[in-house]
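Heads up: the structure comes next, in structure tokens.
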Amino acid sequence: MLAEKLLLQLLIVLAPVLLCSALTDYKKEWNSPIICGFMHSLAAIACMIFSYSNYGLIWDLRYAPLILAILYAGPAGGGMVIASIIGARIMMGGGSVHYAIVGCLLTSIVPYLLRTRFWNASSNRRVQFTLLSGVWSLILCYLSLLTYHYLNGNTFKLFINIPDLLLFALIYTASLMLAAKLYEGLIEKDKMKEEILKAEKLNTLSELAASIAHEVRNPLTVVKGFLQLMQQDEKGKNYEYFGLVLSELGRAEAIISDYLNFAKPKLEKLEEFALKDILKEIVTLLEPYAVKQGVQLESELDTSDFCLYTDRNQLKQALVNLLKNAIEATSEEGIVTIHTKSDQTHASVLITDNGKGMTPEQLSRIGTLFYTTKDKGTGLGTSVSLRIIETIKGKVFYQSETGLGTTVTIVLPAGKKEELVSSIINEEPTAVKIM
């Protein structure tokens, strides 16, 4: 009889997770801590209603919805479940009401403490945190039983069947693990939806940008050609204006080239070169710019002969943009450091500044077309840089904290010529990672 009751309660514990999945697919507004807390409250009360009494004890899984609500629905949802359990237990009455209330409050301590680290952990780690909270509640139940017998003047001895205890612990743990796994599946599904929507928008923007840039570039080239011819014959006071007009046309062409690179970066000239060589060139190129900005540029380059096989100019453009961003984000007398480390298969280029940093909201929008944290700029430079690095099968990681600065980590793969060309042709680029 105990097994049947506990298995029924296991289904009750899983019901809110399944309902959350169905309702959030139907309507986004259902995905709220209050609604999740309400459903877990109903699950906890249902577990108490369908409990099993034996050995003078009440066997139910009421604490499973409580732990899940605190960890996955948040403090508000967890508070609703605590209030529901305590209210239902008071209405049920009995001589051990105060033990149940204290047990409920103590059970909630560990999940609330774990919440500070919960959402920063990986999926598997979150499941482990959930199980840890479950173990804590099982220990509390046992200690509560000991205390109850001790205060009632009874010498407690283990009079409960060991198989029943093991069965209860097994089903209780299984209910937490299954529910946590289902929640993690929902989280992963939501992330995949966001990535798909983002990819669709990005592809649309890329096609639009490429189309417009291509159509605008042709007339600009014609205008620029005729202006250059006119400049040769002009000797009067208007001569100096030709230089300004041609300079602005050159800037317009550079912006259009950025749009085309963003839409589909082309690796036109593949060659093998040492990473340290191109980084030395970049540091030498940007040192005068850093001095002009009042920023100290430091380099700690790996001395290994780590080699890349890709388009040297495209990679140089991407790294120059990212390093330039770091210099521009740093105030006078600040420091920007670029250093590298490598192994047999990958090299990491870390660009660190002690500038103004970025908020989590700003970090989440890095790489978005037209988004920039600068007062002036189109946001194309960073977007193009990320697309270039992704095209050569690299990855970019951002870490930032407001007032402390930003670290950009670029991971670049080493590989043979045949492997790299094949991967570029057959695979889509990977996404930028925000940490």
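Return the only residue of 315, 286, 275 being surrounded by 19 or more Cβ atoms within 10 Å (Cβ to Cβ) and within 30 Å of residue 204 (Cα to Cα). Within the list 315, 286, 275, the selection yields 315. Elements of the type strands (runs of 3 or more DSSP E) sitting completely within segment 230-318 and holding at least 3 residues that are closer than 30 Å to residue 332 by Cβ and modelled with pLDDT of 75 or more: these cover 296-300.
Table: residues versus (1) under 19 Å from residue 399 (Cβ atoms); (2) among the charged types (D, E, K, R).
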| residue | (1), (2) |
| --- | --- |
| 279 | no, no |
| 285 | no, no |
| 302 | no, yes |
| 306 | no, no |
| 311 | no, yes |
| 317 | no, no |
| 344 | no, no |
| 352 | yes, no |
| 360 | yes, no |
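Here residue 43 passes the criteria (1) under 27 Å from residue 163 (Cβ atoms); (2) modelled with pLDDT under 90; (3) part of a helix (DSSP H, G or I) except the one numbered (2).
Filtering segment 326-339 down to residues that are open to solvent by less than 40 Å² (accessible area, probe 1.4 Å) and in a helix (DSSP H, G or I), which residue is nearest to residue 413 (Cα to Cα)? So the residue we want is 326. Going by the conditions given, is residue 90 assigned to a helix (DSSP H, G or I), open to solvent by 30 Å² or more (accessible area, probe 1.4 Å) and of a type outside the set (D, E, K, R)? The answer is yes for residue 90.
The values are calculated or read from the model by the stated rules, or taken from the named source; none is laboratory data. Just so you know, these numbers come straight off a predicted model, no measurement behind them. When we count neighbours, we look across all protein chains shown, and the Cβ atoms used for this are built from the backbone with ideal geometry, even at glycine. The protein model used for the area step is the full one, side chains on, heavy atoms only, and it has no ligands, DNA or RNA in it. Shrake-Rupley method; radii C 1.70, N 1.55, O 1.52, S 1.80 Å.
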